1. For the chain, how big is Rg over Rh, using alpha carbon atoms and the Kirkwood form of Rh?
2. Less than 20 Å apart at the alpha-carbon level, and either on another chain or at least 8 residues along: which aspartates and glutamates does that give for LYS191?
3. If eta is 1.567 mPa s and T is 4 °C, what Stokes-Einstein diffusion coefficient results for region 10-106, Kirkwood Rh from Cα pairs, in µm²/s?
4. Beyond 18 Å, what share of the Cα-Cα pairs of region 60-108 remains, rounded to the nearest whole percent?
5. Using 0.36 nm per residue, how much length does the chain from GLU195 to GLN65 gain when fully extended, once their Cα-Cα distance is taken away?
6. Length gain on complete extension for the stretch SER48 to ARG5, per 0.36 nm per residue less the alpha carbon to alpha carbon distance?
7. Toward the positive end of the charge dipole of the chain, about the Cα centre and with charges on Cβ (Lys, Arg +1; Asp, Glu -1), which of ASN207, ALA32, VAL87 goes farthest?
8. How long is the gain from ASP88 to SER102 if the chain were fully straight, where each residue apart is worth 0.36 nm and the alpha carbon distance is subtracted?
Amino acid sequence: MVRARQVITNTNPLSPISEQYRTIRTNLQFAAVDKEIKSFIVTSAEPSDGKSITAANMAVVYAQQGKTVLLIDADLRKPTIHFTFRVDNVKGLTNYLVRERSVQDIITPSRLQNLDLITSGPIPPNPAELLGSKAMTMFLQEVYGAYDIIIFDTPPVLAVADAAILGSHVDGALLVAYSKKTKLEAVKQAKERLEQAHTKILGSVLNGKELKKSHYYYYGNDV
């Protein structure tokens, strides 16, 4: 069983790492030149780069700003949001996509003000097909008007097609990498695949970058 993880923007909002997440939020707002960014995916080139915890922390900082936020676990292969926020995953996105549940039935309020969750639901045998289905288009139409910000946690780009499929339906993508682990070539390939799928790259987040003369890590970005 996956251990529950700490969302530092909630447990320690005054920490330097939390401040970095707020900086990313601000940069994303400035990135909206033509229109306001209301939805984006958080993905990575490879597994274990920290995309899911980045998505969770971004959801929290938007909620702390007073935005109504919906965080959706669209990683239908290795979902983690239910572990992170300590909620059940008996029903979720896949239940809607196979027409078993309504949107209202799968929304789970978090313990944080302004933040709702949709977990993955049961892991399906055909994640890519579900994410590219007409049901997914209907789902997006239903939730877009109900929240200020919608964030999707998606699988790594180079592993499967899921992120690219979903990315074309949102305002853009936040691409996550991990310092001294993720290869630059992998990030370039991930960026190319997303752009080929007509997904706008909103920026990138570097996880695990150690600051000199300090005992903490920070999350940087080049949005």
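The values are calculated or read from the model by the stated rules, or taken from the named source; none is laboratory data. This one's a predicted model, so the numbers in the text were calculated from it and none came from an experiment. Neighbour counts are summed over all protein chains in view; Cβ atoms, including those assigned to glycine, are modelled from backbone coordinates with ideal geometry. Note: areas computed on protein heavy atoms with side chains; ligands, DNA, RNA excluded. Shrake-Rupley method; radii C 1.70, N 1.55, O 1.52, S 1.80 Å.
1. Values: Rg = 16.2 Å, Rh = 17.3 Å.
Over the Cα atoms of the chain, Rg/Rh equals 0.94.
2. Filter leaves GLU46, ASP49, ASP75, ASP153, ASP162, ASP171, ASP222.
3. Values: Rh = 15.1 Å.
Reported coefficient: 86 µm²/s.
4. Details: 429 of 1176 pairs.
Percent of Cα pairs beyond 18 Å in region 60-108: 36.
5. Details: separation 130, 0.36 × 130 = 46.80 nm, distance 2.99 nm.
Using 0.36 nm per residue and subtracting the Cα-Cα distance, I get 43.8 nm.
6. Numbers: separation 43, 0.36 × 43 = 15.48 nm, distance 1.38 nm.
Taking 0.36 nm per residue and subtracting the Cα distance, the gain is 14.1 nm.
7. Going by the Cα projections, it comes out as ASN207.
8. Numbers: separation 14, 0.36 × 14 = 5.04 nm, distance 1.71 nm.
So the extension gain works out to 3.3 nm.
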